[in-house]
Amino acid sequence: MSARRREKPGPPGLDTTEVRTVRDRRAAPPSSVAARAVDHPAVVSGAVTAVVGLLLVVAAVVVLSDAASLRPTSEPLGPAAFPTIIGVLLALVGAALVVVNLRFVLVVVRRGVGPVSPRLWSVLGLLAGIVVYGLLLPFVGFTVVSVALFVAGALVLGSPRPWWRLALYGLVLAGVIVLLFDRVIGLALPAGPWGF
């Protein structure tokens, strides 16, 4: 047996030199341009996910404080039971998202994001829409604001359907949620000036 190690056969159609070049390119450290966080979609996506987790934690605090202010009852499942469960789940999921994606936030802080891609602007716009949703909910009503958020979110995420069909889907979904809360749980969602 010769002292030289034999190269492993590569994929069909590539000789060993081309396979070695591809392998070396994968192992090479990133260039200074590619070292920016914006050139790595996983870093930007992870940082945005951490922001979403932080918003979920804030929402959990609001939900749990509202649940604590509801009137106590002697029933095993009073009006505060369901919001408390939702608040705890929101807090757990939000904290998990922040912890898992904290490293991406640190990369963005250290290296900077550079020019922001249009896709990232869309995600940030959707996050801003969720904040606006929470602010308008007591004044406009659950159904109207939920349908608007559903349509905006679907369009931002690239839904191929027209907006009026998305509005119908959102209206049906909001109606089911209102019936579930009103008839099954016994909690009335914000109705707004139009009564729905």
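Bear in mind these aren't lab numbers, they're just calculated from the coordinates by the rules spelled out. Remember, predicted model here, so these are calculated numbers, not experimental data. All Cβ positions, glycine included, derive from the backbone under ideal geometry; neighbour counts span all protein chains shown.
Observations
- Hz values of 3J(HN,Hα) by residue in region 54-67 - Karplus curve (6.51, -1.76, 1.60), Gly and Pro given as x: 5, 5, 5, 5, 4, 4, 5, 4, 5, 5, 5, 5, 5, 5
- For region 136-178, the relative contact order works out to 48 percent when only alpha carbon pairs closer than 8 Å and six or more residues apart are counted.
- Theoretical FRET efficiency, 1/(1+(r/R0)^6), r = Cβ-Cβ of ARG161 and ARG110, R0 45 Å, to 0.05: 0.65
- All Cα pairs of region 132-193, percent lying beyond 20 Å: 29
- A simple rule links phi to the HN-Hα coupling: the Karplus curve 6.51 cos²θ - 1.76 cosθ + 1.60 with θ = phi - 60°, which for region 169-183 gives 4, x, 5, 5, 4, 5, x, 5, 5, 4, 5, 4, 5, 6, 8 Hz, with x for Gly and Pro.
- Gain in span if fully extended, LEU54 to ILE185, counting 0.36 nm per residue against the direct Cα distance: 44.4 nm
- Percent RCO, i.e. relative contact order, over region 41-196, from Cα pairs under 8 Å lying at least 6 residues apart: 24
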